[in-house]
Amino acid sequence: QVHLVESGGGLVQPGGSLRLSCVASGSIFAYNTMGWYRQAPGKQRELVATHSTLGSTNYADSVKGRFTISRDNAENTVYLQMNSLKSEDTAVYYCRIQFPTHGLDFWGQGTQVTVSS
């Protein structure tokens, strides 16, 4: 079992920045992918960015150039630096960890990000 705890969400004005953090604990296999997804009201959950332990990253087109994902493998922590935030970035942001070789994945409870003036 893996437990994920997100933090860093909040209210920010358009053009502002936020940094999300997610710490994983429990039975963490060495090879994994950690990432962020988001779900806005009335919309499906969508990928924001992912980062594998081998260093590969993937971003949604809508956040490229504005968001940066990074991770600390030793601490099983993933970060999402969000700059130049827009109102359309408003959503609940969820952390996810995937273990591809084991066919397992786990989700955090989510943290609210609201971009509004």
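Overview of results
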item: Compactness of region 27-81 as Cα Rg over 2.2 N^0.38 Å, two decimals; result: 1.20
item: Taking the chain and dividing mean pair separation by its residue count, relative contact order in percent (alpha carbons under 8 Å, at least six apart); result: 36
item: Total formal charge among the other residues, if their Cβ is under 13 angstrom from that of V115, Lys/Arg +1 and Asp/Glu -1; result: +1
item: Size-normalised alpha-carbon gyration radius of the chain, reference 2.2 N^0.38 Å; result: 1.01
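Values quoted throughout were computed directly from the atomic coordinates according to the rules given, and no laboratory measurement underlies them. Because the structure is predicted, anything quoted here is derived from the model rather than measured. Ideal geometry is used to build each Cβ from the backbone, glycine not excepted, and the neighbour counts take in all protein chains shown.
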